[in-house]
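This is the structure, below, for whatever I ask next.
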Amino acid sequence: MLWQISLRYLSSHKRQTLVCVAGVTISVMMFLAMYSMMKGFRDKFIVETVESSGHIVINDEPRESQTPILQLAYPEPNALLLLDRIKPRDQVKKIKNPQGLIAKLRQLPHVVAVGPEVTGDAIATYGTKTMTLSILGVEPEEQQKVTTIGEKLLEGNFARLRATADGVVIGHGVALVLGAKLGDSINLSSSTGGRTIARVVGIFQTGVTPVDYSRAYMLLNNAQTLLDKKNIINRLTLRTDDYAQAPAYAAQIESMVGYKTESWQESNANFLKIFAIQDVITFIITGALMVVAAFGVLNILIMAVMERVNDIAILKSFGFSRRDITWIFVNQGLLIGVTGAGLGLAVGKLFIEILRRLPVHMEGLVKAEGLLMSEYRGQYVMAFVAALAVTLIASVYPARRAASYDPVEVIRGAH
């Protein structure tokens, strides 16, 4: 009976009801589209970064570096000797006994693979073009276990690093800047005086712009010679069975090995903060749209209450309680919310598919051909519940106002 009365009241204001339903539908649709776009951009960056750079990285330095100079300059009060104007000594950073450490790490639970690396910077020259590269000296077989770099090659083969003397695999962005192509030879020189002429045996594209425009891979021995780090391993890259748990695994490994161990979340903390801010902006915009829709529901229900004062008095005279009157108008808000949210989910799904197929070229932090859209069941549930909640809240005040009318005073003409 109460639902029938609520439906009748809504049908008597068809135009206003349709406007309210449309407002809720648009709010839900925009929430789904914006949330999918933000999540798609984040997912693309995270997946490509994690897969191309590894889940955990062990560096050749402690978490908190100490400064021996300061310790010597301010000795114990009873010291007999004070050293002043000490010149710092160049210390070659490296991971001690890397092979033994690698064997130990491979026995740990959750660790799938470990790859040794030597890293450093070099200047690449090809013709008149020059740029700075981040050189990664790797064992090709191990590197393809800890990352998916071998699957990201546009041209060439990652395994050719071992078969080609002084071979190098460069990023797609590096190739564009230098103008180098597969099979070309580029000059590489490091700050330590190392020089070599490297042949391009592969060009990769991860989709992450900072990686594609700065990174180059070489065989471990060749990179050690170029960077003047003979027999030195200064980084270990690990792949785990769950990249989402990388921070916990990294903390455990760091306590064991004593070297600074970073998860991919820590290494990319600045970018993840940007994504968090984007999420806040998304919720603010879509929340504002839902609030506007809620005001529409509030407006139509207030009008319905004012127009139905006599009907309310009659219903109460027939024995309807304050609770019944309240539910009649709350039900109207629920009907608008359920209808609008349901249509919003359907239209939102269609809108996401349309956006996904738009031929939009994107190249910023990540590169993609088309808008990046990710969908989760949770986002649909969140949108439906949020729309239902705001319409329900908007219907409370008109419903309580309708229930407060006294039928005797209404009949007497007080209202």
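Using R₀ = 60 Å, calculate the FRET efficiency as 1/(1 + (r/R₀)^6) where r is the Cβ-Cβ separation of ARG199 and ALA346; round to 0.05.
Numbers: r = 56 Å, r/R0 = 0.93.
Given R0 = 60 Å and the Cβ-Cβ separation, E is 0.60.
Could you please rank TRP327, TRP264, placing first whichever residue has the fewest other Cβ atoms within 10 Å of its Cβ?
Final ranking by Cβ density, sparse to dense: TRP327, TRP264.
Another question about this same structure. Around GLU155, with a cut-off of 15 angstrom between Cβ atoms, what is the net charge of the other residues, counting Lys and Arg +1 and Asp and Glu -1?
+1
Given +1 on the Cβ of Lys and Arg, -1 on the Cβ of Asp and Glu, and no further charges, what dipole in debye does the range 94-233 carry about its Cα centre, rounded to the nearest 20?
300 debye
Relative to the present Cα-Cα distance, how much length would full extension add between SER189 and LYS94 at 0.36 nm per residue of separation?
32.1 nm
Mind giving me the FRET efficiency for LYS14 and VAL360? R0 is 41 Å, r the Cβ-Cβ distance, nearest 0.05 is fine.
Taking R0 as 41 Å, the efficiency between LYS14 and VAL360 is 0.60.
Also, I was wondering about something else. Between ASP324 and VAL292, what is the FRET efficiency for a Förster distance of 41 Å, r being their Cβ-Cβ separation, to the nearest 0.05?
After rounding, the FRET efficiency stands at 0.85.
With a 10 Å Cβ neighbour count serving as the proxy for reagent exposure, in which order, fewest first, do SER53, SER36, SER374 appear?
In order of increasing Cβ crowding within 10 Å: SER374, SER53, SER36.
Which entries of LYS129/LYS230; LYS94/LYS152; LYS181/LYS229; LYS44/LYS273 show an alpha-carbon separation above 22 angstrom in the structure shown? Numbers along the way, then the final one.
Details: LYS129/LYS230 29 Å; LYS94/LYS152 29 Å; LYS181/LYS229 28 Å; LYS44/LYS273 16 Å.
From the list (LYS129/LYS230; LYS94/LYS152; LYS181/LYS229; LYS44/LYS273), the Cα-Cα distance tops 22 Å for LYS129/LYS230; LYS94/LYS152; LYS181/LYS229.
Using all Cα-Cα distances in the range 94-233, what percent lands in each 5 angstrom bin from 0 up to the longest?
The percentages, shortest bin first, are 2, 11, 21, 24, 20, 13, 7, 3, 1, 0.
Within the set of other residues whose C-beta is less than 14 Å from the C-beta of ALA122, count the net charge using Lys and Arg as +1 and Asp and Glu as -1.
Its environment carries a net charge of 0.
List the residues whose amide H sits under 5 Å from the amide H of GLY171, counting only those 5 or more places along or on another chain, with H placed 1.01 Å from N in the peptide plane.
Amide H neighbours of GLY171: PHE204, ARG215.
Take every DSSP beta bridge with both residues inside the range 94-233 and express the antiparallel ones as a percent of the total, to the nearest 5.
Once the DSSP bridges in the range 94-233 are tallied, antiparallel ones form about 70 percent.
Readers should treat all values here as calculations from the given coordinates under stated rules, not as data from a laboratory. This is a predicted model, so every value here is computed, not measured. Every residue, glycine among them, receives a Cβ derived from its backbone with ideal geometry; neighbour counts consider all protein chains shown.
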